[in-house]
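Notes to accompany the following structure.
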Amino acid sequence: MSKDLFEKGLRIRKEVLGAAYVEKSLNAADDFNREFQELVTEYCWGAGWGRTALTRRDKSLLNLVMLGALNRSTEFKLHLKGALTNGCTRDEIKDTLIQLAIYCGIPAGVDAFRNAREVLAEIDKAEKK
């Protein structure tokens, strides 16, 4: 594992998903999945998100489409929060999910909108406190 790529990935992962979430994931790792958590950090976040031709905002919108199309609701919800952190607006997210529905199927769009509404409602509720 490249220590530099891991550190770069760790920094980006914390910036996008929040330090508390990332630290919780890493601290919860055990002998069985620790290497996987390290791989995710180095490969996805260092080697992938660390590239610069696309902005983090662009990558977030792409992730929403891919995760929504694959029906990966847990990761979709996590990356929806990351998309907001990366500057995506609710209107951009909505248009992205409409594109998902058109090109990946209405059922995928239905689930994506359902998951997005759930996350946005949680955020709105937390902001009112």
* Out of segment 86-118, which residues are open to solvent by 60 Å² or more (accessible area, probe 1.4 Å) and either touching a strand residue (DSSP E or B) at 6+ places or on another chain (Cβ under 9 Å) or in contact (Cβ under 8 Å) with a residue 40 or more places away in the chain (or both)? -> 118
* Being within 12 Å of residue 111 (Cα to Cα) and open to solvent by 80 Å² or more (accessible area, probe 1.4 Å) is the filter here, so list the residues in segment 67-84 that pass it. => 70, 71, 72, 74
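Name the one entry in 24, 59 that is basic (Lys, Arg), surrounded by 12 or more Cβ atoms within 10 Å (Cβ to Cβ) and outside any loop (DSSP other than H, G, I, E, B).
59
The values are calculated or read from the model by the stated rules, or taken from the named source; none is laboratory data. Quantities reported herein were computed from a predicted structural model and do not represent experimental measurements. Using ideal geometry, Cβ is built from the backbone for each residue, glycine included, and neighbour counts are taken over all protein chains shown. These accessible areas exclude ligands, DNA and RNA; they are computed on the full protein's heavy atoms, side chains included. Shrake-Rupley method; radii C 1.70, N 1.55, O 1.52, S 1.80 Å.
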